[in-house]
Structures are given as structure tokens and as C-alpha cells.
Amino acid sequence: MIQFFPSLIGGLAYMLCGPIASYVSPGHDGKLFVSALLPLALLLLVRGVRDGRPWAWGLFALTIGLGVLSPHPQLLQYLLLTVGAFAIHLAFSEHPTGRIERRVAVRRLLLALGGVAVGFLIGAAQYWPVLEYVSWSPRTGGKGWEHAVSYSLPIEEMVNFYLPQFTGILDSYWGRNGIHFHSEYLGASVMLLAGAAFGAGSRRSFKWFWLGTLVVSLLWALGGSTPFYRLVYALVPGTKFFRAPSTMLYVVAFSVCVLVALGVEGILERRLER
């Protein structure tokens with residue numbers, strides 16, 4: 001685990017970054033709930049998969065259940081994809097305490113999958129009644145490619161990561177999406193500290209996992225702005241029912257903030273060359 005103070009800085013960066021803090025403005029409480037549950041779900045996976053703590057599985061199931069009840073199925077899908085990839089990383093990568101025996105790793109992954117299943121049962125009170133009228137939903141069968149890529153993140157709006165409100169927001173927005181209720185601003189100091197993670201030579205597999213997560217989630221958020229989303233649309237179940245792939249930005253922000261924590265840790269341990 002990363003030390004306390006670097007973790008605190010990374011956590012504050014996540015809490016205060018534009019993609020999270022600006023959910024409050026348009027009243028997107030469901031998105032805020034799921035984005036707040038992501039770090040907790042990942043922490044409980046560390047305790048369950050890597051550390052083998054039995055108590056973690058009940059709390060993990062409860063966390064997933066709260067995500068189901070949030071209710072925001074699209075961001076819940078992104079949370080499940082992220083925690084699933086992280087669970088596999090924990091199970092089969094090298095750790096400072098050593099690699100987990102394969103048989104034990106598989107058993108703990110099955111426990112994680114069981115936690116997800118129990119979480120969905122917890123949320124059944126929310127989605128089970130909905131199943132009765134799904135066939136009457138206007139999204140039954142999907143609404144096509146153009147709907148799926150609507151409200152993608154335009155490439156030029158990545159400037160907002162560094163320069164807040166470059167494309168404007170609310171009534172001052174001049175970008176391609178027509179409406180813009182949120183901010184993409186990550187923070188200049190945050191991006192600097194995230195870059196510092198690559199000058200500190202430790203936790204290599206952990207660092208590269210979150211860099212990979214950052215790249216994939218950013219390409220996902222760009223949606224129809226790049227050909228990558230064609231793969232997502234073809235392979236990921238449920239994508240044809242959703243729009244606004246830019247909502248993946250909370251995973252982008254979290255990945256950057258993990259790198260921030262690693263950067264701060266390297267600075268404090270003087271592993272970063274001047």
C-alpha cells in the first residue's frame with residue numbers, strides 16, 4: 001500500500017478535481033455516489049485478494065450493492081470493469097510481499113466474483129421491478145452508433161485538463177456537444193505530481209497498471225472522437241444502450257490521482273532526481 005501522506009494527497013486530488021466536484025452543479029448525484037464508491041471497492045479488493053482478509057468480502061459486496069442502488073448503471077459498469085481488471089492485477093502480479101500462489105489467487109478471484117453477485121442481489125429491490133417494463137423502453141435493442149457516441153469528449157476539450165474552462169461551461173460553453181455541465185479540470189499541480197511518478201523507480205507493475213487504465217479510460221471517454229470506441233461498441237455488453245462515453249472521465253481522474261500518490265511518495269523518499 002502507498003504511505004498515508006501520499007495517499008491523502010492523491011485522495012484530495014480526486015475529491016477536488018473537476019470531473020468529481022462538478023457533479024454537484026447539475027445534480028448528478030448518482031454519478032457522484034458511484035465515483036465515491038470506486039476507491040472503497042478497490043481498497044477492499046486489496047484487503048481481500050492481496051491480503052486474504054475474509055471480512056473484506058462482505059464489505060465489498062455491500063459496496064457493490066450500494067453502487068447498484070446508486071442508481072447509475074453506466075458508471076456502475078465502468079466501476080465493475082475497473083475493479084475486475086484490478087482484481088486480476090492483484091491476483092497475478094508481483095507484490096512487495098511476494099506473488100500469490102495461483103490456486104489461492106483463483107479462489108480469491110472467485111470470492112470477488114461472488115461479492116459482485118451478492119451486491120447485485122442487494123440491489124435487486126432497485127432493478128428487479130424494472131425488468132417488467134424493459135420491453136417497453138425506448139432503448140430496447142439499443143439506439144445505434146450515433147446515439148452511443150453522443151456526448152463523447154471532443155479531443156480539443158482535453159485542454160481543459162490543464163486549463164480550466166478553456167471551452168467554457170454552462171452558458172459560456174462553445175464546444176461541439178451543445179451542453180457542458182461539468183468540468184474536466186484535473187489541476188496543473190496534480191498533473192505535475194502525476195508526472196513525478198515516472199521519475200521514481202518503484203512499484204513498477206502497480207504504476208504501469210494505472211497508466212494502462214488511464215490510457216484505456218481516456219480513449220473510452222473520447223468515444224466517437226477516435227476509432228477505439230468501435231471496439232468498445234462491438235465487444236462490451238450494454239454499450240449500445242448508453243450514451244455519453246465522456247462519463248468515463250471519473251476513472252481517468254482516479255488513475256491520474258493514483259499516479260499523484262506515487263509521485264508524492266517518490267518525492268518524500270527522495271527517489272526522484274532533481
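The values are calculated or read from the model by the stated rules, or taken from the named source; none is laboratory data. Values in this document were obtained by computation on a predicted structure and should not be read as measured data. Note that we place each Cβ from the backbone using ideal geometry, even for glycine, and neighbour counts take in every protein chain shown. Heads up: the accessible areas ignore ligands, DNA and RNA and are worked out on the full protein's heavy atoms, side chains in. Shrake-Rupley method; radii C 1.70, N 1.55, O 1.52, S 1.80 Å.
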Query - Hits in segment 71-111 - residues which are of a type in the set (A, V, I, L, M), open to solvent by 40 Å² or more (accessible area, probe 1.4 Å) and more than 16 Å from residue 60 (Cα to Cα) - result: 106
Report task. Can you confirm whether segment 147-162 contains a residue that is modelled with pLDDT under 90 and open to solvent by 60 Å² or more (accessible area, probe 1.4 Å)? Result -> no
Query raised in the report: Consider residue 5 against the criteria (1) more than 22 Å from residue 257 (Cα to Cα); (2) surrounded by fewer than 16 Cβ atoms within 10 Å (Cβ to Cβ); (3) not charged (D, E, K, R): it satisfies all of them except one. Which criterion is unmet?
Result: (1)
Query raised in the report: List the pairs whose first member sits in segment 26-46 and is more than 15 Å from residue 85 (Cα to Cα), whose second member is hydrophobic (A, V, I, L, M, F, W, C) and not in a helix (DSSP H, G or I), and whose Cβ atoms are under 8 Å apart, counting only residues at least 6 apart or on separate chains?
Result: 26/181; 28/181
Query - Members of segment 118-133 that are surrounded by fewer than 12 Cβ atoms within 10 Å (Cβ to Cβ) and within 24 Å of residue 248 (Cβ to Cβ) - result: 130
Query raised in the report: Got a number for residues in segment 184-193 being open to solvent by 30 Å² or more (accessible area, probe 1.4 Å) and either in contact with a helix residue (DSSP H, G or I) (Cβ under 7 Å, 6 or more places away or on another chain) or among the aliphatic types (A, V, I, L, M) (or both)?
Result: 5
Query raised in the report: Restricting attention to segment 194-216, and to residues there that are surrounded by fewer than 19 Cβ atoms within 10 Å (Cβ to Cβ) and of a type in the set (S, T, N, Q), which single residue is modelled with the highest pLDDT?
Result: 205
**Report entry** Checking residue 170 against (1) without any contact (Cβ under 8 Å) to a residue 60 or more places away in the chain; (2) hydrophobic (A, V, I, L, M, F, W, C); (3) under 18 Å from residue 31 (Cβ atoms), the condition it does not meet
**Finding:** (1)
Report summary line: Residue set 205, 189; condition in contact (Cβ under 8 Å) with a residue 40 or more places away in the chain and assigned to a helix (DSSP H, G or I); output residue 205
Query raised in the report: Is there a residue being open to solvent by 20 Å² or more (accessible area, probe 1.4 Å), at pLDDT below 95 and in contact with a Ser or Thr (Cβ under 8 Å, 6 or more places away or on another chain) anywhere in segment 12-21?
Result: yes
